[in-house]
Amino acid sequence: MNRFSYHMYEMAHAALVPARATTDATRLFFKSLVNPLAYTPFGRNIAASAELFERLTRRYGKPSFGLDTTSINGVTVDIKEEVVWEKPFCRLLHFSRATKLAKPQPSLLIVAPLSGHYATLLRGTVEAFLPHYEVYIADWADARMVPLTAGSFDLDDYIDYLIEIYELLGKDIKGAGLHTLGVCQPSVPLIAAVARMEAEGHPHVPASMTLMGGPIDTRRSPTAVNALAQERGTEWFQRNCIFSVPFPYPGFGRKVYPGFLQLSGFMAMNMDRHMNAHVNMFNHLVKGDGDSAEKHRDFYDEYMAVMDLSADYYMQTIENVFVRHSLPKGEMMHRGKRVDLTAIHRTGLMTVEGEKDDISGVGQTYAAQELCVNIPASRKVHYLQNGVGHYGVFNGSRYRSEIAPRIRDFISNLEQDAARGGKPQLRLAASAE
């Protein structure tokens, strides 16, 4: 029965199409400027109810980044998205800036999470760095859209992809370094890829890695997510979370962890908050508060857009990161070779955590500082941001005003050090007051 759950989900969604069409037509009717009922409490209540029903039963597609311009030294500069590298499960996007600078700026590779949401969830993360760097982002593919003929994708492949991207960007750099940033889940494969390159003496190892809210050692300050993985074990996830992609998706037959399951898990963790948010939106619509309603739409258009994950990658991540804790124990393997974090000595390290993070508890990301014993203390920084949860680590006002500037300072110090041929003076374990 379990293997048919994805098909049942699709059938239920298809069955609601007539109801969605009807409610959407109702919404348009009761919002029409030529309809006298649109100006009455009755009409506004009907229109608000219809919109909420349509939004709650809609299939949300992949959003766009929509980053068309940035400001460099007070000058507005056009942005163009370019695909500079591509494989079946990932595209590397470059936010090319239509300007030539007298002095080259460093390149920043942002590794987006492959955990259910699209890379566009990091829109705000990207936007904050556009004036200062040549920004690239790993844009992961929805597994249900990848045909079986494209092959499989697991955690080893993920690390291979990152090594290949590091090498590609490292070769292209002229006059400035390559810096990497991983948000949440990619912290593990990001640091693993650097470790493997360092162990092999690779010439294009990144100049730095910034790990934000990542599960380096989930034994520290375990959250509900970590406790669930420990309690259920790998076999439970295999039985209850892995399904075959139904027809007519291009990935028909591929084993995946469906995005709708991940979304339901996220929603369940903060159900009261999401219910209150939708009640508030209903009230905003009835009152005619268009600005507040639009903020709700923008957030949930992004939040409700989810993608499927390759089952091989998902199960290996559960096993290595959340059940066996392979990385901090020094037992993680990549292509038959051990991922040894003590091999890292050329790449600088910054770790960022949120005080109220309920996904990656405080200390889980900081663990990288203690595991990477051969990175000089002058090239290591830790920052704990007070008053923010998981999302606030990489987005929002605190991120823009307090976290992003510290990351820029970290990278700037490393770049200055590279220019001087000396060692930067960086603070370890800094935190917000």
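Please treat every number below as a calculation from the coordinates, not as lab data. Because the structure is a prediction, the values reported are computed rather than measured. Don't worry about glycine lacking a Cβ; one is built from the backbone with ideal geometry, like all the others, and counts go over all protein chains shown.
For helix 5-15, what angle does its Cα long axis make with the longest principal axis of the chain, in degrees from 0 to 90 and rounded to 10? Its long axis makes an angle of about 40 degrees. Dipole of the chain computed with +1 at Lys/Arg Cβ and -1 at Asp/Glu Cβ about the Cα centre; of Gly396, Met11, Met332, farthest Cα towards the positive end is Gly396. The trypsin sites (Lys or Arg not before Pro) found in the stretch 158-227 that occupy coil by DSSP, while having at most 12 further C-beta atoms within 10 Å, are Lys174. Computed from backbone phi with θ = phi - 60° and the Karplus coefficients 6.51, -1.76 and 1.60, the 3J(HN,Hα) list for the stretch 190-198 is 4, 6, 5, 5, 5, 4, 5, 5, 5 Hz; x is used for glycine and proline. Seen from Arg97, the other residues with C-beta closer than 10 Å to its C-beta sum to a net charge of 0, counting Lys and Arg as +1 and Asp and Glu as -1. Just need log10 I(q)/I(0) for the stretch 287-433 at q = 0.15, 0.17, 0.20 Å⁻¹, Debye formula, equal scatterers on the alpha-carbon atoms, no solvent, rounded to two decimals. Ignoring solvent entirely, the Cα scatterers give -0.99, -1.15, -1.28.
Tally the DSSP beta bridges in the chain and give the antiparallel ones as a percent, rounded to 5.
Bridges in the chain are about 45 percent antiparallel.
Ignoring lysines fewer than eight residues from Lys62 along the same chain, the ones with Cα atoms less than 28 angstrom from its Cα are Lys31, Lys80, Lys87, Lys255, Lys295. For Lys380, give me every one of the aspartates and glutamates with a C-alpha distance below 15 angstrom, ignoring sequence neighbours fewer than eight places off in its own chain. Partners within reach: Glu353, Glu370, Asp409, Glu415, Asp417.
With respect to the chain, whose longest principal axis is taken over its alpha-carbon atoms, helix 290-303 is tilted by about 60°. Using the Cβ of Gly251 as centre and a radius below 12 Å, the other residues enclosed give a net charge of +1, where K and R count +1 and D and E count -1.
All alpha carbon pair distances within the chain were sorted into 20 Å bins beginning at 0; the resulting P(r) in whole percents reads 24, 55, 20, 1.
Placing +1 on the Cβ of every Lys and Arg and -1 on the Cβ of every Asp and Glu, with no other charges, gives the chain a dipole of roughly 160 debye about its Cα centre. For the stretch 177-291, the dipole from Cβ point charges (+1 on Lys and Arg, -1 on Asp and Glu) about the Cα centre works out to 280 debye, to the nearest 20. When only the Cβ of Lys, Arg, Asp and Glu is charged (+1, +1, -1, -1), the dipole of the stretch 293-361 relative to its Cα centre reaches about 560 debye. In terms of other Cβ atoms within 10 Å, Arg406, Arg324 run from fewest to most in the order Arg324, Arg406. In plain terms, the residue of Val126, Val194 with the fewest other Cβ atoms within 10 Å comes first and the most crowded comes last, giving Val126, Val194. Sorting His390, His296 by the number of Cβ atoms found within 10 Å of their own Cβ, with the fewest placed first, yields His296, His390.
Relative contact order (percent) for the chain, with alpha-carbon contacts under 8 angstrom and 6 or more residues of separation?
RCO, the chain: 17 percent.
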